[in-house]
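Read through the structure below, which is laid out as structure tokens, and then see the notes.
The values are calculated or read from the model by the stated rules, or taken from the named source; none is laboratory data. Small disclaimer: the values here were computed from a predicted structure and weren't measured. In this analysis, Cβ positions are derived from the backbone assuming ideal geometry, glycine residues included, and neighbour counts consider all displayed protein chains. Protein only, heavy atoms only, side chains kept; ligands, DNA and RNA dropped before computing areas. Shrake-Rupley method; radii C 1.70, N 1.55, O 1.52, S 1.80 Å.
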Amino acid sequence: MKTNSTNSTKVLYFTLTAYFDTGLFKYLYFIIALSLYAFIVGSNVLLIVVICVNRSLHEPMYMFLCSLFVNELYGSTGLFPFLLLQILSDVHTVSAPLCFLQVFCVFTYAGVGLLNLAVMSYDRYLAICYPLQYRTLMTMWKVAFLIAVTWLPRFLVVVIITSLSASLQLCGNIINKVYCDNQSIVKLACSDTTVTNISGVIVSALTIFVPLTLIFFTYVRILKVCFSGSKQTRQKAVSTCTPHLVSLLNFSFGSFLEVLQSRFNNNNVPNMLKIFLSLYFLACQPLFNPVLYGLKMSSIRKSLFLLKSR
């Protein structure tokens, strides 16, 4: 429904068209989605608790991991409760305020996730390339500052971008996805979107290229040290960097799928594939990271076993 005045068009709700009638199977899909969300919450909270209660893990690397797990909880919570309600609903609409809230969550989750991975790569660079000076270069004050830089500026920028999108006059309310995202709303605008588009491109470029440049620089330096260093240095680099690189590749793949969907017409894409592509970015990374770091990092594994044996 829209309410019209001479100067503006106010959309009261959005319709999500990627959903389709699944009959009684909707209860099965609800249970699957609820189980996935319960696993995401349980695994990420468990690892956060393990890091917080175990003094031996009060190191910069694990503090950045803790920030990463908090972001996974934040991003998945921006999706799953909403998704669960939509699965059970026969009418797939969402109020405008709730839609923009979800846009805010998705936008901040993406930016914080990539910045967090960039900060983690910088930490590994200092640990491997400057092992003797690492304690003085990466103090807990610096850790707190880097985590704050990862989170706070992104929130402020997304408030501005979301406000610009919310101020647009819209000529439609159809979003061809299973959740709300900023670009889908901007496409519905019948007012001038130049400022919104330019702001979005600048923010996206800074969000993507600055962290990726830092990651590329740090890993080039790490590889140089590995090839010229001892076997022990190479083993340390492999054990600490492999989970980070795998997580980065998975995040990049999910981001690529999200950009493809947001920027290009996907009306000819089959519904099931469309839903999978929509959910991959916000569901797979929160599922993937706790398993990856929990299994691959021996210090976390040992702490988990100790916690279980108490």
Notebook entry, point to check: Of all the helices (runs of 4 or more DSSP H) wholly in the range 237-310, which have at least 3 residues that are modelled with pLDDT of 75 or more, open to solvent by less than 80 Å² (accessible area, probe 1.4 Å) and under 18 Å from Tyr109 (Cβ atoms)?
Noted result: 271-279, 285-296
Next item on the list: Could you tell me whether Gln169 is in contact (Cβ under 8 Å) with a residue 60 or more places away in the chain and not hydroxyl-bearing (Ser, Thr, Tyr)?
Entry: yes
Checklist line | Members of the range 127-175 that are out of contact with any helix residue (DSSP H, G or I) (no Cβ under 7 Å at 6 or more places or on another chain) and assigned to a loop (DSSP other than H, G, I, E, B) | finding: Pro131, Leu132, Gln133, Thr139, Ser167, Gln169, Cys171, Gly172, Asn173
Check: List pairs: first in the range 9-34 and among the β-branched types (Val, Ile, Thr), second part of a helix (DSSP H, G or I), Cβ under 8 Å, 6+ apart or cross-chain?
Finding: Val11/Ala96; Thr22/Tyr29
Next item on the list: Could you please give the count of residues in the range 25-68 that are within 18 Å of the chain's Cα centre (by Cα), more than 30 Å from Ile174 (Cβ to Cβ) and among the β-branched types (Val, Ile, Thr)?
Entry: 3
Next item on the list: Evaluate the following for Ala166: is it in contact with a strand residue (DSSP E or B) (Cβ under 7 Å, 6 or more places away or on another chain) and surrounded by fewer than 20 Cβ atoms within 10 Å (Cβ to Cβ)?
Entry: no
Notebook entry, point to check: Across the range 6-24, which residue is farthest from the chain's Cα centre (by Cα) among those that are open to solvent by 70 Å² or more (accessible area, probe 1.4 Å) and modelled with pLDDT under 85?
Noted result: Thr6
Margin query: Checking the structure you have, find out if any residue of the range 40-54 is in a helix (DSSP H, G or I), open to solvent by 20 Å² or more (accessible area, probe 1.4 Å), out of contact with any Leu (no Cβ under 9 Å at 6 or more places or on another chain) and of a type in the set (Gly, Ala, Ser).
Written below: yes
Next item on the list: Among the residues of the range 211-236, write down those that are open to solvent by 90 Å² or more (accessible area, probe 1.4 Å) and aliphatic (A, V, I, L, M).
Entry: Leu223
Checklist line | Residue satisfying all of: in the range 115-141; modelled with pLDDT under 90 and among the hydrophobic types (A, V, I, L, M, F, W, C); most open to solvent (accessible area, probe 1.4 Å) among these | finding: Leu132
